[in-house]
Amino acid sequence: MKYGWVAVLLLLFAGTGTYVWSHGSQVEPPDLGDGLRGQLVLTGSSTVAPLAGEIAKRFESLHPRVRIDVQTGGSSRGIADARRGTADIGMASRALKPKESDLVHHTIALDGISIILHRDNPATALTDPQIVAIYTGQIANWNQVGGPDAPITVVNKAEGRSTLELFLHHFKLKNQDIHASIVIGDNQQGILTIASDPYAIGYVSIGTASYEVSRGTKIRMLPMKGIEPSLDNVRNGTFPLSRPLNLLTHGEVSELAAAFIAFAQSPQVHDLVEAQYFVPIDQ
Amino acid sequence: MFRSTSDRLLLGLLRCVSALAAAVVMLIVIFLVIESWPALRSVGPLRFFTDPSWHPASAAGGGAGRFNLIPMLIGTLASTAGAVMLATPLGIASALFCRFYAPKRIATGYRRLLELLTGIPSVVFGLWGLLVLAPLIRQWHPPGQSLLAGVLILTVMILPTVALLSESSLNSVPRAYLRGAAALGLSRWATIRGVVLPAARGGIVTAVLLATGRAIGETMAVLMVAGNVVQVPHSVFDPVRTLTANIALELGYAMDIHRSALFVSGLVLMMMLAALIGLAEWIGGGRMNA
């Protein structure tokens, strides 16, 4: 204990020192003559953020005097921040609503939402009314939809997530009507929950789900209205439960922001979009 | 007060440090009040306890949100109480074993294991609970992610706190008491029951209190195993949502009144903790005087 104080003081000094060092000695990168410089802040959807982060990294390597800061917080935050100007660009994993028409959207990719089951669940297809009945608690056992005699574990998303909004919107449900057995936060928690419960039903992004299926995770995607949940069907617009991943701007757009948006929509980033299991859009 | 300069210097320093610690708590409370003010003003404090359900998101869209915190308050209380009730006897028993019954080498190894257990991050406990514990409970009674899973995870997490702190308070019982008991010819168990436990009671109460605080505040592990459905549980197999899990699940995605309502749940949590500390003080103080 005798040296506790010394240790604390040393840590404090070390901390301050590192801070000063890392902030004081930033070397100005060379000007490549393209004139783009400055900082961009992107906030919003946690579905878009990883993709935006990758695109930002590539953009920064092409324009060394640009710094791009990507923060998550959900589509609603992206919309609010773009509107207030707290962020240069907002990110939203859904189309804009009519009362959000003051914002301009720039679609950078498409994503779909798929119903997922445990891999060993024998159910092969569920109709939309069956899914609604399951989520509202009218069907509580798999034997009512041709499955084994086992209670259904209904996995729902927490309030505020755009995946939940899109799901509710598609099935014309209200969150108040849903009888969930488990409420989850992010996609990963949902996939782990369903992979460990043979009688669970849930919904996640097709991108995430296909990636997990390809890795051998014990989940299975369910067709909707007879259409396979696949990236191809999202691309050609036949899959019913799909959403655009948007960058949002409000009012005057800076030269830098406009350049970044154009870059994010260009074929130069298609490989990044595909690497995240989303569908690139063709301009 | 003190004659030596170094003592006066130390006094000044200690005063500053204590003031800093107190200021941090006060600032957090002030921050919570400021952030929850919009919800308290437009929704009113009463509705957080009388609304039919917790559906705050529709408030951001202009609709009438529902803000009942009672199910989550009960979720927090039930999971904490369950964990403390399980961890206290186990922890005290393990401390007694370590201090009075175990051979020295085993006691040391055991203590190291417990110390290791305190250092495991809660998200690791959560992952284990999600992948191992919840499926086990589901085989018994679906859906698995439940109050019971939350209680068990919290028990494992606070057990080392109870065990290690209890043991250190057992160690601080004066040797003379033990010698006195031995001279009276008391058996080992009679010594423990009649002499050691009463003498170490203060320390053990503190240990349980600290563990309770940790259980109330634990977020990640409970979030991953307790199912997070906002409801008053009818059995230990029902999923519950705790106040902390509620904040963690929704804060990143909440806007306006919804966001502010989440700070109200933080404020409620803080008040609950204050009430608990007051209660413990009252119980501890009452017994001390008796």
Exercise. Could you figure out which of (1) in contact with a Pro (Cβ under 8 Å, 6 or more places away or on another chain); (2) open to solvent by less than 20 Å² (accessible area, probe 1.4 Å) isn't true of A:F263?
Key: (1)
Quiz item: Residues A:P198, A:P229: which one is at pLDDT 90 or above and more than 14 Å from every other protein chain (Cβ to nearest Cβ)?
Solution: A:P229
Quiz item: Residues B:L90, B:L159, B:L130, B:L117: which one is closer than 30 Å to A:W142 by Cα and of a type outside the set (K, R)?
Solution: B:L130
Quiz item: Residues A:S61, A:S45, A:S75: which one is among the hydroxyl-bearing types (S, T, Y), open to solvent by 70 Å² or more (accessible area, probe 1.4 Å) and modelled with pLDDT of 50 or more?
Solution: A:S61
Quiz item: Filtering the range B:115-155 down to residues that are small (G, A, S) and under 19 Å from B:A215 (Cβ atoms), which residue is nearest to the other protein chains (Cβ to nearest Cβ)?
Solution: B:A134
Practice problem: Check A:L222 against each of (1) more than 22 Å from A:I108 (Cβ to Cβ); (2) open to solvent by 30 Å² or more (accessible area, probe 1.4 Å) and name the one condition it does not meet. | Solution: (2)
Quiz item: Name the residues in the range A:143-165 that are at pLDDT below 90, open to solvent by less than 30 Å² (accessible area, probe 1.4 Å) and more than 7 Å from chain B (Cβ to nearest Cβ), would you?
Solution: A:G147, A:S162, A:T163, A:L164
Quiz item: Within the group A:A195, A:A209, A:A264, A:A200, which residue is in the same structural domain as A:L40 (by TED's automatic domain parsing) and small (G, A, S)?
Solution: A:A264
Exercise. State whether one or more residues within the range B:135-155 are open to solvent by 40 Å² or more (accessible area, probe 1.4 Å), closer than 15 Å to B:A221 by Cα, in a helix (DSSP H, G or I) and modelled with pLDDT of 95 or more.
Key: yes
Practice problem: Determine if the range B:249-270 includes at least one residue that is out of contact with any Phe, Trp or Tyr (no Cβ under 8 Å at 6 or more places or on another chain), of a type in the set (V, I, T), open to solvent by 10 Å² or more (accessible area, probe 1.4 Å) and away from chain A (no Cβ under 13 Å). | Solution: no
Exercise. Could you tell me which numbered condition A:V132 fails, if it satisfies all but one of (1) part of a helix (DSSP H, G or I); (2) open to solvent by 10 Å² or more (accessible area, probe 1.4 Å); (3) hydrophobic (A, V, I, L, M, F, W, C); (4) within 22 Å of A:F278 (Cα to Cα)?
Key: (4)
Quiz item: (1) open to solvent by 10 Å² or more (accessible area, probe 1.4 Å); (2) touching a Lys or Arg at 6+ places or on another chain (Cβ under 6 Å): which one isn't true of A:D111, the others all being true?
Solution: (1)
Self-check item: Tally of residues being buried (at least 24 other Cβ atoms within 10 Å of the Cβ) and more than 8 Å from the chain's Cα centre (by Cα) across the range A:48-58
Solution: 3
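The values are calculated or read from the model by the stated rules, or taken from the named source; none is laboratory data. Bear in mind the structure is a predicted one, so any value in this text is a computation, not a measurement. Please note: Cβ atoms are built from the backbone with ideal geometry, for glycine as well, and neighbour counts cover all protein chains shown. Each accessible area value is taken on the protein alone, full model and side chains, heavy atoms only, with ligands, DNA and RNA left out. Shrake-Rupley method; radii C 1.70, N 1.55, O 1.52, S 1.80 Å.
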